[in-house]
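The values are calculated or read from the model by the stated rules, or taken from the named source; none is laboratory data. The shown structure was predicted, so the numbers you read here are calculated from the model rather than taken from an experiment. We place every Cβ from the backbone using ideal geometry, glycine too, and count neighbours over all the protein chains shown. Quick note on the areas: whole protein, heavy atoms, side chains included, nothing else; ligands and nucleic acids left out. Shrake-Rupley method; radii C 1.70, N 1.55, O 1.52, S 1.80 Å.
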Amino acid sequence: MSIPEASLEALPLPSGADTCLDASMLQQLQSMVVTEVSEQQQLLQALQQQLEYQFWSGTDTHTLVTTQAWAVEQIVLQQWQQHSQDGQLTLIATGGFGRGHLHPYSDIDLLILLPENTQVLPVAQLEKFIQALWDIGLRPGHSARTLIQCLEDASVDVQFVTSLMEARILNGNTEQFQQLKLALQPAQMWPADKFFTAKMSEQYSRHENYNDTAFNLEPNIKEGPGGIRDIQMIKWITQRHFDTLTLDGLLEHNFLQADEFERLLESRNFFWRLRYGLHLLAKRAEDRLLFDYQSSLAQQLGYLDQGEDLAVEQLMQSYYRNALRVERMNERLLQLFGEQLLLADKNQKIIAINTQFQSRQGYLEVSHPQVFSQNPIALLEIFLCLQQNPEIKGIRATTIRLILNHLYLIDAEFRSQPETYRIFMQLLEQDTGIYTQLTRMHRYGVLAQFIPAFGKIVGRMQYDLFHIYTVDQHTLFVIRNLRRFAYGKYRSSFPHGQAVFQRVPEPAILYLAAFFHDIAKGRGGNHSELGAIDAQQFCQSAALGNKQSELVVWLVENHLLMSITAQKRDLNDALVIQQFAAQVNSRERLDALYLLTMADIAATDPKLWSNWKDSLLWQLYLATAERLSNKQKVVLREDYLEQLSRICEFDENNLSQAQQFWDSLPDQQLFKLSLEQLSWATKQIIQAADPSEAIIAVRSIATQGYTEVMIYSKDFQGLFACITQLLDQMRLNILSARLITTDSGLAFDLLQINNQQHEPLADPDVHRLQLNMQNALAKRDWEGSSKQRQPSKFRYFDDQPELRFEQLPEQALTRLELACLDQPGLLTQLAAIFAQQQVKLHDARIATFGHRVEDSFLLRNANNQILSKQQVAKLRTAITTLLKEWDN
């Protein structure tokens, strides 16, 4: 049976389709002969295979998406003819199908237009039609409405009216379809200005879903800022305003120049190619450039590793730079539309700012087109002018174009002028708008041009699961966090930020250090040291004073110092504080480093900042401040215990029991416990119903983001392995652990833990943990733990494990530092190795950075001495073997 030609806007055979599909395939599709579902299923599979081959062979993606849409249309029409015999229904393509563009697993958006006065709707026919499409392997997204229902819904739903703007009739009542199209015209509903306002609000909400940045680790190619949807947004506004179905209207009305138009199409085609390949790899409609596919996609698209510049990083940098380009065009074009649609009828109120700039209807513009060519420094001054006039909303689109067209003026001669650095430092010294203007300078390419080292990190991804933003976006977010401290925002997350910030005499110096702290990422070598060199050169060019320059350089070179110390060292160890204070050396440095560290950690991934990390940094800050002020006093054991007695307020009998317990604690361990912590633990021990059994006490400390577990029991080989095995089974994270053997031979262990959401345990979980721990210690079974499955994302990393042993003879301890891929159950396996080799664990600091752990352990042998060379070698071998088994 042949299908009559009843299609008003059928897709023509795309140019190049005859080279993508073999002759047999074309003949079957063009014959328009209805076949069985099973045959069409095979036809669709063969179609996908041929197009996939063409894609990986390098065929232009535009040809592929149009060929896919044309071929799918033939299959849909064949099924429609079979299931719609009465001619009452109208089949319409919308969305990407309406545009004539389909990726391999895109939905097939269909609207079935129903007659107004039908007594009985052909429900059975429609159900069979839709089911047939599913059975063939298509993914129809469909709705059925009358013309009146369409118009009612379109009048209140901007998304629906947008989909109808691109609708094409495939088969049915052409007159009814024309009525629909006419009723959708701007003169009838959604005039261009209201449509523009609604779509702008829609875009704003969509961008917010992605943290308002295109520079996410796993960006959404379609919906994310700077992605395909932003290009479509331009097209929709163009269509509504100029009544044109393509982007060519932008050229015709001088909204874009020819070279700009070509770059926009280049970016669209780049995104299309990524999305097409992503669909093929995922074998589904996947628009998120997930970690799981990034490396494979880079390899398939021909990117090659070049030294330390990985293929996947090159791919992602290309993506981010195209997204930045689209963001720039999207912003400028939509602002042009806004000026025409929303402000055209208003009085053109112009306010002169100075000889170079003026405000027109609330937006800044140059006073004449030659401003930048006559005075290139105005390319920086315009952003300072915005800061100093906060009532101005932004820069006019025509001036944005002038900025982009004059970026070439920011050259070596421009960068050699002291005035340019004076203006940049003025930008950092303003009371408001610092982050906003730096972001705007970045978007328009000024930052990368003025500071070439910054240009190297634009779109530079950090191939790990710790940093979820590119280096450039992370850098700007660090500065944003510092500004939040200045304003006192987010006090619940950063309770001490504003108070410390108020001690900073020159915030601009802090912002400058933040700007340079990661600027050398991706070059190879130590990025802190290389960044310090860049910072030093900038400070010299900016003619900063010696004291200012030294602080900036020191902060850049040491920006990781406080984070490493807080998360990997025992902050109750006086020696640790002494060494850290010696490195910091002044309260001014401490204040700045504390703020920079908080801002840096929180800008890697907001979800990773926690009360636990805040409490660690604050504890280190306070202890160091006290040390630097020379107020730290030598505390005697007798004085310490006297303070403890006053806090506990025991009666005579309980005080006697408490003193027995305190006397059993070695000096070295006693002073590493806070008075509050020791008071709580002592009370739990004295109040225990049966002191002969293991005493398990658990409390949650919400303000510091952790739950503390105390275990006081008979010591035995494998005790810590039992503990870690249970916590692992309950999916709880160990943050730190202090393991003490009393003089009476009992184990007194204190652990800080949290749950998978990085939060303290709720009451029911606390009770369950106590019961489970009692049972686990009673069984003493610690060798039954098995290695767990590694998270799928981790298999894409090839990080080599790093083991480092350091002897601390003055403390009779050996420090083991382990950095490796995170593995479920890793700590349990390590604890088992320690037990097997009769190595005593005295302290553990557990730090997780995305896919990688950096743990630190303090160890002794069975005789409470440092590990011998033979013991170190044996332990190294056992751990290395464990990690190799995991890799396999």
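Quick look at the values:
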{"quantity": "Note, ³J(HN,Hα) from phi for the stretch 804-809, Karplus 6.51, -1.76, 1.60, rounded to Hz, x at Gly and Pro", "calculated": "9, 10, 9, 8, 10, x"}
{"quantity": "Descending semi-axes in Å of the stretch 360-473, equivalent ellipsoid built from Cα gyration tensor", "calculated": "24, 17, 14"}
{"quantity": "Residues of the stretch 199-235 with amide N under 18 Å of the 7 Å Cα→Cβ point at Q188", "calculated": "none"}
{"quantity": "Convex hull volume per residue in cubic angstrom - Cα atoms of the stretch 490-529", "calculated": "101 Å³"}
{"quantity": "Among [x] 99, 72, 52; [y] 104, 76, 50; [z] 112, 70, 65, the entry derived from the coordinates for Cα extents along the principal axes in Å", "calculated": "[x]"}
{"quantity": "Nearest-10 value in Å² for the accessible area of H83, using the 1.4 Å probe", "calculated": "40 Å²"}
{"quantity": "Label-to-label distance, nm, for residues given as A543 and N654 (7 Å Cα→Cβ offset)", "calculated": "7.0 nm"}
{"quantity": "Added length on full extension, which subtracts the Cα-Cα distance from 0.36 nm per residue, L575 to E810", "calculated": "83.5 nm"}
{"quantity": "15 Å beta-carbon shell around T432, net charge (K/R +1, D/E -1)", "calculated": "+3"}
{"quantity": "Relative contact order of the chain, defined on C-alpha pairs under 8 angstrom at six or more residues apart (%)", "calculated": "7 percent"}
{"quantity": "Heavy-atom SASA rank of S367, S57 (probe 1.4 Å, accessible area, largest first)", "calculated": "S57, S367"}
{"quantity": "Cα-based reach from K235 at 26 Å (exclusive), listing lysines while leaving out same-chain residues under 8 positions away", "calculated": "K181, K194, K199, K222, K346, K393"}
{"quantity": "Accessible surface ranking that places the most exposed of W134, W190, W56 first, with a 1.4 angstrom probe", "calculated": "W134, W56, W190"}
{"quantity": "Residues of type lysines that K840 reaches as a straight line, Cα spacing below 28 Å, ignoring anything fewer than 8 places off in the same chain", "calculated": "K568, K613, K672, K683, K714, K779, K787, K869, K874, K884"}
{"quantity": "The stretch 441-529 - Rg over Rh from alpha carbon coordinates, Kirkwood radius", "calculated": "1.01"}
{"quantity": "Net charge contributed by nearby residues that have their C-beta within less than 12 Å of R206 (K/R +1, D/E -1)", "calculated": "-2"}
{"quantity": "Overall form of the stretch 701-757 per C-alpha gyration tensor (a/c, 1.5; a/b vs b/c)", "calculated": "oblate"}
{"quantity": "Relative contact order (%) - the stretch 13-144, alpha-carbon pairs under 8 angstrom, separation at least six", "calculated": "27 percent"}
{"quantity": "Heavy-atom accessible area per residue - the chain, 1.4 Å, Å²", "calculated": "43 Å²"}
{"quantity": "Area projected by the alpha carbon convex hull of the stretch 479-574, averaged over all directions, nm²", "calculated": "7.9 nm²"}
{"quantity": "Of the DSSP H helices in the chain, those whose Cα atoms cover at least 18 Å axially and whose Kyte score averages 0.5 or more", "calculated": "123-136"}
{"quantity": "Fraction of accessible area attributable to carbon and sulfur, the chain (%, probe 1.4 Å)", "calculated": "47 percent"}
{"quantity": "Normalised contact order of the stretch 337-463, rounded percent, pairs of Cα under 8 Å and 6 or more residues apart", "calculated": "21 percent"}
{"quantity": "Cα gyration tensor shape of the stretch 447-492, rounded if a/c is under 1.5, else prolate or oblate by comparing a/b with b/c", "calculated": "oblate"}
{"quantity": "Ranked order, Y594, Y487, Y421 - accessible area, probe 1.4 Å, largest first", "calculated": "Y487, Y421, Y594"}
{"quantity": "Approximate spin-label separation L245-A124, in nm, with each point projected 7 Å along Cα-to-Cβ", "calculated": "3.7 nm"}
{"quantity": "Computed lengthening from E676 to K874, 0.36 nm per intervening residue step minus Cα-Cα distance", "calculated": "67.3 nm"}
{"quantity": "Charge sum, other residues only, whose C-beta stays under 10 Å from V709's C-beta, Lys/Arg counted +1 and Asp/Glu -1", "calculated": "-1"}
{"quantity": "Estimated distance in nm for a label pair at A778 and E693, the labels positioned 7 Å out from Cα along Cα-to-Cβ", "calculated": "0.6 nm"}
{"quantity": "DSSP beta bridge pairing in the chain, given as percent antiparallel to the nearest 5", "calculated": "90 percent"}
{"quantity": "Using a Förster distance of 41 Å, the FRET efficiency for L13-Y408 (Cβ separation, nearest 0.05)", "calculated": "0.40"}
{"quantity": "Solvent-accessible surface (1.4 angstrom probe) belonging to D715, in square angstrom, nearest 10", "calculated": "70 Å²"}
